[in-house]
Amino acid sequence: MKKKYYKKHKEYIFPCVANYYEEPLVLEKAEGKYMTDVEGNEYLDFFGGILTVSIGHCKPAITEKVVNQMKTLQHCSTLYQNKPALDYAEKLAQITPGKLQKSFFTNSGSEANETAVVLAQLATGREEIITLRHAYSGASTITMAMTAHSHYRLGVNLGMFKYAHNAYCYRCAFGKKYPDCDLECARDVEELIKTTTRGKIAAFFAEPIQGVGGFITPPKEYFKEVEKIIRKYGGLFICDEVQTGWGRTGSKMFGIEHYGVEPDIMTFAKGAANGLPIGGTIAIPEVADKFTGAHISTFGGNPVSTAAALATVEFIEENNIPENCQIVGDYLREKLAELQEKYPVIGEVRGMGLMQALEIVKEKKEPDAGTVVRIFEETKKRGLLIGKGGLYGNVIRISPPMTVDKRDVEEAIKILDAAFESVFR
Ligand code: PMP
């Protein structure tokens, strides 16, 4: 059975697709926290299709609303408005931090980030944007250029982005140790502006926790410090919540809320509609109102995706999902710390809420991507899906649907433990 699909995969799909495992995993169905492949093997999903299945696969609460919407109004384009898109936009204005209020909908995180870049440029009349090393911003031309991983850039380069050192305490670019470092990485942003821009920037753009970068989690004072510098040079603060949104980081709805900064522009995608394609850019009115002129997204804000997104966020609110992420995330963190004591290859455990990572290293913190590959095969064999990340491919990312409980964590930890055990036996 699976051989037939491997053959099709090789013959008809670009080779960049589905390369997580030695043989591609071909999935057939899913329900709740579990996915099933074409041979009937079941997997506990602890990556959620890259932090996208927010509240469980094929959730009836969402599916029913989507099906109803499909039967009522499926498409109309941004030439017209529709009820679910307007209701969702209003909801976003209520739950996003600070004065964020007006939205533009797209189909993906890449488009949401491109929109944010264009908006910042239109609103400030400036071009240059500070982004962070190790960031991942998307697969379109502009967002590939914003992405600071050679691996994902595929030959694209644009002069308008300047790449600041990220707050990667485990591998501090300045050789310092938090909290005695005086946040040198944040303060270096000023030097970057003075030396590599015209001295006037359009914006600073960052993920609160760098997702693809390997859940790199800045210290709590970092963004406030950067914000001061950004404001001094007249730039806007843009926050990419594509991975960190919807309660994922615990207690709060959005990652940036842990840092006490109110962004001027925020982007979201992935988990917003629990697996249906959607992206969005929300901004404070003074900024959003600068986006005049002709601009279309044929499918952006379509009634089906926005109905799914509205149902998802309502579920998240009604079931206090941010709190669940905090409680179950703390438990997961505790269990991962126990694994770290057992296996010295786990150099660091980091993250927030249900967004936790293990950085795998050899001696002297040398990145160990080989071990991650082996752990992946072993976890797959035992029925657990996890994610990979990091500039060096040596980070294991764990981000299950945000509805998991402590028993699910125990099941995942048991499999992870067995996988490490089998690699290091
Ligand atoms: N921003 C971040 C932080 C992401 O992780 C991603 C996707 N991994 C994107 C943007 C791009 O989203 P999409 O793949 O939906 O274009």
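The values are calculated or read from the model by the stated rules, or taken from the named source; none is laboratory data. On a predicted model such as this, the values are computed, not experimentally measured, just so you know. Cβ sites come from the backbone with ideal geometry, for glycine too, and all protein chains shown count toward neighbours. In case anyone asks, the SASA skips ligands and DNA or RNA and just uses the protein heavy atoms, side chains included. Shrake-Rupley method; radii C 1.70, N 1.55, O 1.52, S 1.80 Å.
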### Message
Is there a quick way to get the dipole size of region 60-318? I mean about its Cα centre, with the Cβ of Lys and Arg at +1 and of Asp and Glu at -1; what is the value in debye to the nearest 20?
### Response
380 debye
### Summary
Out of Gln121, Gly250, Val304 - ranked by how far each Cα lies towards the positive end of the dipole of the chain, with unit charges on the beta-carbon of charged residues - the top one is Gln121
### Task
Using the heavy atoms of the protein chains and a 1.4 angstrom probe, tell me the accessible area per residue for the chain in square angstrom.
44 Å²
### Query
What relative contact order, as a whole-number percentage, does the chain give when Cα pairs under 8 Å and 6 or more residues apart are counted?
22 percent
### Query
Carbon and sulfur atoms: what percent of the 1.4 Å accessible area of the chain do they account for?
52 percent
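Per the Kirkwood definition applied to all pairs of different Cα atoms, how many angstroms is the hydrodynamic radius of the chain? It would help to have the intermediate numbers written out before the result.
Values: mean 1/r = 0.0453 Å⁻¹.
Result for the chain, one decimal place: 22.1 Å.
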### Task
Determine how large the accessible area of Cys181 is when every protein chain is in place; take a 1.4 Å probe and give Å² rounded to the nearest 10.
20 Å²
